[in-house]
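The values are calculated or read from the model by the stated rules, or taken from the named source; none is laboratory data. Just so you know, these numbers come straight off a predicted model, no measurement behind them. Glycine gets a Cβ as well: all are built from the backbone with ideal geometry, and neighbour counts include every protein chain shown.
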Amino acid sequence: MASAAGRPLADNNGAHFVLVPLMAQGHAIPMADMARLLADHGAQVSFVTTPANASRMSAFVAHAEATGLAIRLVTLRFPAVDFGLPDGCESADMLGSKDLYGNFLDACAALRDPLAAFLREEQRRPPAPSCIVSDAMHWWTAGVARELGIPRLSFNGNCGFASLVRYIIIHGDLLEHVADEDELVRFPGFPTPLELAKAKCPGSMYAPGLKEIRKKIYEEIRCAGVAMNSFHDLEPVHIESFRRITGKKVWTVGPMCLCNQESSAMAARGNKASVDEARCLRWLDSMKEGSVIFVSFGSLACTEPQQLVELGLGLEASGKPFVWVIKAGDRLPQVEEWLAEGFEERVKDRGMIIRGWAPQLVILWHQAVGGFMTHCGWNSTIECICAGVPMITWPHFGEQFVNERLVVDVLKTGVEVGVGGVTQWATEQKEVKVGRNAVRAALSKLMDEGIVAEEMRMRAKELGIKAREALAVGGSSHNNVNLLIQEMGNKANATD
Ligand code: UDP
């Protein structure tokens with residue numbers, strides 16, 4: 001038997017996965033990929049979301065239906081207004097201020113009873129839910145799973161390297177006794193050399209209300225295992241250390257973005273693209289192979305207008321072709337004024353500016369793209385690894401500084417732009433952290449001729465090949481997906 005994508009199917013044992021993603025693009029997109037991956041391997045999938053997120057996912061659902069995958073969207077009402085959020089505000093990227101993040105997580109926790117009711121109903125008919133995969137931020141799903149006797153895997157959207165750092169920080173209370181934001185923190189038990197300034201450690205700056213629930217969130221003991229969007233050959237030592245230190249079963253099933261092989265599937269991820277995909281591809285087709293730098297900072301990072309101007313001037317000074325994504329949250333009107341004052345005209349022959357949401361995979365995987373200037377969100381990072389493209393790292397907050405260390409120090413497939421400090425998500429920033437000269441220098445280091453850049457490009461290409469091998473038939477992640485389906489299916493049958 002073969003799947004919609006022509007893969008041999010595992011015996012699915014009646015496995016029915018219920019996925020409960022955090023409503024944030026960087027968490028919901030990989031979970032949607034996981035849904036596709038599990039369904040493509042023969043499992044049935046129920047994907048739990050809320051009305052506003054469901055409408056964002058209409059292209060994904062249409063694509064899944066057209067390809068005959070057993071993915072069903074389950075929509076639960078989100079009580080935004082009851083928790084002080086604007087009506088319809090159902091995703092982290094809609095919050096506008098990080099001060100509302102605590103309210104958002106409380107509203108998520110209020111989905112507990114509706115989720116339990118849905119699961120109870122599902123338990124009455126086959127195939128009953130055999131496994132819940134829920135975001136680590138949805139700590140409350142652990143109680144629901146226990147109550148109903150359904151195994152739960154936790155998904156935190158990170159790689160092994162960053163998961164390990166966060167685990168060590170939280171369980172060792174590492175940041176509690178470091179007073180100075182610039183003081184270097186060391187990580188006992190971390191398997192490779194690593195130190196980070198306190199301000200750059202995940203969890204160093206919490207939104208109000210978050211500190212109290214952080215232990216609940218990261219209590220890995222409350223789950224049957226961890227699903228990870230990574231693959232063995234990428235970071236074997238760190239994945240193994242994470243497994244050992246948590247004592248948990250870790251299912252590396254990534255890179256999950258690779259389940260999107262057709263461009264229609266790639267373009268169906270996340271929001272509707274604000275650029276005509278065909279025009280974008282035509283433009284890229286007209287550029288030399290490996291010559292274009294793609295610049296995008298994900299869905300949440302907030303970049304000040306003045307910082308965007310410096311970035312633009314650095315791109316201009318580099319003389320290199322670029323695709324630059326300026327998202328709606330980057331206070332477009334002020335930036336728009338500057339773009340119109342001459343910048344856009346000056347770079348029109350070699351620069352494409354996308355205002356809003358870009359079809360990231362489509363762009364990143366085009367042969368004209370030779371580098372990715374990224375905020376180092378894990379999805380962007382692993383998508384770039386799959387494309388076999390080197391990076392310029394420009395982290396803003398959270399795990400992004402840790403991912404930068406993985407890329408620059410361990411994988412050696414990127415150069416740092418040199419970010420001076422942390423840029424909090426959805427918070428006013430005043431200073432410029434990276435000047436135009438630093439942007440130009442990093443571009444030159446990554447994209448110009450020379451042995452160092454050439455070796456980096458080679459390493460990135462090799463990693464891209466390994467990433468594809470992991471999810472190809474017989475690869476480590478491909479096998480893990482099959483084993484996961486078999487194990488969860490067996491467990492469900494055992495309790496029948
Ligand atoms: N993304 C996209 N188009 C955009 C911005 C982001 O498709 O214009 C996707 C990107 O491919 C990735 C996700 O949104 O899958 C962002 O996740 P990441 O972990 O990189 O960053 P976050 O948004 O969580 O900071």
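The figures follow:
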item	result
Test: residue in region 18-34 that is within 16 Å of residue 256 (Cβ to Cβ), touching a residue at least 60 places away in the same chain (Cβ under 8 Å) and charged (D, E, K, R)	yes
Residue check for residue 334: under 24 Å from residue 419 (Cα atoms), modelled with pLDDT under 95 and not aliphatic (A, V, I, L, M)	yes
Complete set of residues in region 36-94 that are assigned to a loop (DSSP other than H, G, I, E, B) and under 20 Å from the mean Cα position of the chain (by Cα)	50, 57, 90, 91
Checking residue 376 against (1) on the phi > 0 side of the Ramachandran plot; (2) more than 13 Å from the ligand (Cβ to nearest atom); (3) surrounded by 19 or more Cβ atoms within 10 Å (Cβ to Cβ); (4) not charged (D, E, K, R), the condition it does not meet	(2)
Looking only at region 337-367, and only at residues there that are assigned to a helix (DSSP H, G or I) and buried (at least 16 other Cβ atoms within 10 Å of the Cβ), the one that is nearest to the ligand (Cβ to nearest atom)	360
Search result, residues across region 238-274 that are on the phi > 0 side of the Ramachandran plot and crowded, with 19+ Cβ neighbours inside 10 Å	270
Cross-chain or 6+ apart pairs with Cβ under 9 Å, region 214-226 first and within 13 Å of residue 153 (Cβ to Cβ), then modelled with pLDDT under 65	226/220
So residue 189, is it outside any helix (DSSP H, G or I), in contact (Cβ under 8 Å) with a residue 24 or more places away in the chain and surrounded by 17 or more Cβ atoms within 10 Å (Cβ to Cβ)	no
Matching residues, region 268-285, being in contact (Cβ under 8 Å) with a residue 60 or more places away in the chain and either more than 15 Å from the ligand (Cβ to nearest atom) or hydrophobic (A, V, I, L, M, F, W, C) (or both)	268, 273, 275, 280, 281, 283, 284, 285
Residue within region 6-24 that is part of a helix (DSSP H, G or I) and at pLDDT below 95 present	no
Tally, over region 442-454, of residues that are in contact (Cβ under 8 Å) with a residue 24 or more places away in the chain and not aliphatic (A, V, I, L, M)	2
Meets criteria (modelled with pLDDT of 90 or more and either surrounded by fewer than 21 Cβ atoms within 10 Å (Cβ to Cβ) or hydroxyl-bearing (Ser, Thr, Tyr) (or both)) for residue 328	no
Residue match in region 412-421 (condition: assigned to a strand (DSSP E or B), of a type in the set (D, E, K, R) and more than 13 Å from the ligand (Cβ to nearest atom))	yes
Complete set of residues in region 480-496 that are at pLDDT 95 or above and either more than 22 Å from residue 254 (Cβ to Cβ) or within 22 Å of the chain's Cα centre (by Cα) (or both)	480, 481, 484
Evaluation of residue 35 against (1) within 25 Å of residue 81 (Cα to Cα); (2) in contact with a strand residue (DSSP E or B) (Cβ under 9 Å, 6 or more places away or on another chain) (one fails), failing number	(1)
Single residue of region 292-307 satisfying the filter (among the polar types (S, T, N, Q) and under 11 Å from residue 375 (Cα atoms)) that is farthest from the ligand (Cβ to nearest atom)	303
So residue 328, is it within 29 Å of residue 399 (Cβ to Cβ), within 11 Å of the ligand (Cβ to nearest atom), out of contact with any helix residue (DSSP H, G or I) (no Cβ under 9 Å at 6 or more places or on another chain) and not acidic (Asp, Glu)	yes
